[in-house]
1. Could you give every pair whose Cβ atoms fall below 6 Å, whose first residue belongs to segment 109-123 and is within 19 Å of Thr49 (Cα to Cα), and whose second residue is assigned to a strand (DSSP E or B) and of a type in the set (D, E, K, R), counting only separations of at least 6 or pairs across chains?
2. Output yes when any residue across segment 88-95 is assigned to a loop (DSSP other than H, G, I, E, B), under 20 Å from Ala33 (Cα atoms) and modelled with pLDDT under 85, and no when none is.
3. What is the number of the single condition among (1) over 20 Å from Val16 (Cβ atoms); (2) small (Gly, Ala, Ser); (3) surrounded by fewer than 16 Cβ atoms within 10 Å (Cβ to Cβ) that Ser116 does not meet?
4. Only one of these is of a type in the set (Gly, Ala, Ser) and either out of contact with any Leu (no Cβ under 7 Å at 6 or more places or on another chain) or at pLDDT below 90 (or both): Gly115, Gly70. Name it.
5. What strands (runs of 3 or more DSSP E) completely inside segment 1-81 contain at least 3 residues that are surrounded by 13 or more Cβ atoms within 10 Å (Cβ to Cβ) and in contact (Cβ under 8 Å) with a residue 12 or more places away in the chain?
6. Quick one: which of Gly133, Gly115 is in contact with a strand residue (DSSP E or B) (Cβ under 9 Å, 6 or more places away or on another chain) and outside any strand (DSSP E or B)?
Amino acid sequence: MGDLRYQPRSGKAVLVVDRAATPSQRDALTDFARSMAGGLIKEVTEVKTAPMDVAIATCGKKGCASVKAGNLVEITTRCLGSKDHLCGNEETFYPPLTEVSDAYPAFTELASFEGSGLNLTWAMVEKRNAFLGSFAR
């Protein structure tokens, strides 16, 4: 989905919402995710609940974060460092896939999905492919 030449830029999604949320909060979170993703989400195959553990800006900067949603999703990022250069001309080539404020590029240490609903699971490690930012509707 990060390749701007890839069309259509939409696909299936599994939404994971906080297990502690009330039913109306879960509905609101699901609606928010769909509206913020725009055309990126063509079909929501499942809405799951899980306990959430979220830590943002854990290093005092904008790039270090972690999100764990039960045993379904785990994402950890860190700030880009001097050893993350590829060729010496380091620019942000691809923009975030959806509109955010204060987009901050980060290094993904781990991004994994171990749930059902997509007919696949994955784990990506050590990639320069994350943005952290704020969003609101």
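The values are calculated or read from the model by the stated rules, or taken from the named source; none is laboratory data. Computed from a predicted model, the values in this text were never measured in an experiment. Every residue, glycine among them, receives a Cβ derived from its backbone with ideal geometry; neighbour counts consider all protein chains shown.
1. Ser112/Glu74; Gly117/Glu46; Leu118/Lys12
2. Within segment 88-95, the subset assigned to a loop (DSSP other than H, G, I, E, B) is 88-95.
Checking the rest, the ones that are also under 20 Å from Ala33 (Cα atoms) come to 95.
Now narrow it down to the ones that are modelled with pLDDT under 85: 95.
Yes; the residues of segment 88-95 include at least one that is assigned to a loop (DSSP other than H, G, I, E, B), under 20 Å from Ala33 (Cα atoms) and modelled with pLDDT under 85.
3. (1)
4. Numbers: Gly115 fails: either out of contact with any Leu (no Cβ under 7 Å at 6 or more places or on another chain) or at pLDDT below 90 (or both).
Residue meeting the stated conditions: Gly70.
5. On the way: elements: 11-18, 41-50, 52-56, 65-69, 73-78.
In segment 1-81, 11-18, 41-50, 65-69, 73-78 are the strands (runs of 3 or more DSSP E) which contain 3 or more residues that are surrounded by 13 or more Cβ atoms within 10 Å (Cβ to Cβ) and in contact (Cβ under 8 Å) with a residue 12 or more places away in the chain.
6. On the way: Gly133 fails: outside any strand (DSSP E or B).
Selected residue: Gly115, the only one of Gly133, Gly115 that is in contact with a strand residue (DSSP E or B) (Cβ under 9 Å, 6 or more places away or on another chain) and outside any strand (DSSP E or B).
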